[in-house]
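Worksheet for the structure shown next.
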Amino acid sequence: MTHVYGPHIFHTSDERVWSFIQRFGRMRPYLHQVRAITKNAVFSLPVNLLTINQFFRRIMGPNEARAFVSSRAHAIENPQNFEEQALSMVGPELYAAFFRGYTRKQWGMEPTELPASILKRLPVRFNYDDRYFSHTHQAIPDQGYTKMVESILDAPGIQVRLKTSHESLNENFAHVFYTGPIDRYFNFAQGRLGYRTLDFEVFRTVGDFQGAAVINYCDEAVPFTRITEHKHFAPWDSQDMKETICYREFSRACGPEDIPYYPIRQAREEQMLDTYVERAHATKGVSFLGRLGSYRYLDMDVTIGEALDAAQEVLNCLAQLRPIPPFFVKP
Ligand code: UDP
């Protein structure tokens with residue numbers, strides 16, 4: 001039940017994805033709530049009415065708070081980067097407290113160099129709704145993700161070979177669906193695309209360490225980004241547990257031997273990515289998909305939805321004797 005690759009909460013409003021995933025084991029309702037520590041105080045996240053009132057030491061209702069925040073926000077019509085997006089959404093004070101330091105730590109670069117889309121993942125709410133995600137379905141697999149994936153793979157015709165690199169395979173496949181990093185497939189010929197990797201410092205203690213699954217540390221002076229206390233993801237399983245396992249999460253540039261977690265997608269990488277995509281289009285018998293194959297910051301539900309679409313498209317291609325395309329969505 002420990003999320004060894006960092007906190008993963010299954011959330012979706014896509015009914016097709018939701019019913020698909022439930023074929024592989026019971027999903028238990030779990031509502032993700034996150035707290036943020038900044039400037040020596042604890043706040044509710046994503047930024048909501050409680051955050052705003054506590055941060056500015058005010059007692060405002062939704063309309064007043066909306067007007068208050070927009071009076072501080074910068075009027076930027078078409079935000080071009082993360083910082084502009086944040087300044088136009090919440091203004092400089094909330095940006096500096098909650099987003100600037102965390103983002104520098106998480107991405108290792110200036111928020112002005114990052115795409116605005118990263119911040120669009122988080123809502124700003126002018127009510128007391130503090131759910132981290134707004135999706136209809138939010139859950140954690142009852143038996144954990146390992147069991148869930150085992151159950152997905154437990155199907156006729158699927159053979160799993162672990163510790164076998166793609167490069168070492170020398171067989172003739174009718175078609176290859178490649179979900180590794182796209183730059184790796186081409187042996188980094190155009191250079192390495194930027195990824196962030198994560199290090200987790202595991203510690204165990206007794207009782208309840210922090211009272212919540214995830215607490216973000218937004219100050220830049222704190223070297224880690226968040227602490228995850230895994231037993232809070234499965235309250236049905238951990239009631240009597242005396243011990244607790246926590247991960248301190250550190251982000252850094254992904255080196256050649258590290259696991260790539262987050263595609264960075266800086267504007268200056270676009271040219272390199274375009275060249276890889278062009279090469280992928282010219283590679284017969286291979287389709288690229290998933291977070292690394294298409295070099296996009298995808299959540300689990302979007303990845304599954306795209307895989308289902310891809311599967312349908314493959315069936316259509318086979319039925320109509322058309323070649324299977326290299327990508328199923330524009331990367
Ligand atoms: N973010 C931030 N402060 C926070 C939480 C998130 O600045 O306390 C920014 C940060 O740039 C992060 C992005 O919002 O990378 C998306 O956050 P999310 O929690 O979705 O990231 P994930 O769980 O995928 O790492």
Hey, can you tell me all the residues within region 154-171 that are open to solvent by less than 70 Å² (accessible area, probe 1.4 Å) and farther than 20 Å from P181 by Cα?
-> A155
Which of (1) within 11 Å of the ligand (Cβ to nearest atom); (2) farther than 22 Å from I9 by Cα; (3) open to solvent by 40 Å² or more (accessible area, probe 1.4 Å) does R121 not meet, given it meets every other one?
-> (2)
The condition of being over 23 Å from Y261 (Cβ atoms), within 16 Å of the ligand (Cβ to nearest atom) and small (G, A, S) holds, among A75, A41, A65, A36, only for A41
Top-ranked residue in region 96-112 [being touching an Asp or Glu at 6+ places or on another chain (Cβ under 6 Å) and open to solvent by less than 30 Å² (accessible area, probe 1.4 Å); ranked as modelled with the highest pLDDT] | G101
Return the total of residues in region 86-118 being near the ligand (Cβ under 10 Å from one of its atoms) and over 17 Å from the mean Cα position of the chain (by Cα).
-> 7
Would you pick out the residues in region 250-292 that are among the aromatic types (F, W, Y) and open to solvent by 30 Å² or more (accessible area, probe 1.4 Å)?
-> F250, Y261
Extreme residue, most open to solvent (accessible area, probe 1.4 Å), among residues of region 172-221 that are in contact with a helix residue (DSSP H, G or I) (Cβ under 7 Å, 6 or more places away or on another chain) and more than 23 Å from R291 (Cβ to Cβ) | E220
Matching entry among I52, I9, I37, I59 (being within 21 Å of P235 (Cα to Cα), at pLDDT 95 or above and of a type in the set (V, I, T)) = I9
When region 217-245 is examined, which residues are found to be in contact (Cβ under 8 Å) with a residue 60 or more places away in the chain, outside any loop (DSSP other than H, G, I, E, B) and hydroxyl-bearing (S, T, Y)?
-> Y217, T228, S238
Output the number of the condition that F126 fails; it satisfies all remaining conditions of (1) within 16 Å of the ligand (Cβ to nearest atom); (2) among the aromatic types (F, W, Y); (3) surrounded by 19 or more Cβ atoms within 10 Å (Cβ to Cβ); (4) in contact (Cβ under 8 Å) with a residue 60 or more places away in the chain.
-> (1)
Go through A221, A189 for me and flag whichever is aliphatic (A, V, I, L, M) and within 16 Å of the ligand (Cβ to nearest atom).
-> A221
Among all residue pairs at least 6 apart or on different chains, which show Cβ distances below 7 Å where the first residue, located in region 136-160, is farther than 20 Å from S13 by Cα and the second is surrounded by 14 or more Cβ atoms within 10 Å (Cβ to Cβ)?
-> Q143/G25; G144/M1; K147/G25; K147/P141; S151/F24; S151/G25; I152/F24
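The values are calculated or read from the model by the stated rules, or taken from the named source; none is laboratory data. Computed from a predicted structure; not experimentally measured. For neighbour counting, all protein chains shown are included, and Cβ atoms are generated from backbone atoms with ideal geometry for every residue, glycine included. The accessibility values were calculated without ligands, DNA or RNA, using every heavy atom of the protein model including side chains. Shrake-Rupley method; radii C 1.70, N 1.55, O 1.52, S 1.80 Å.
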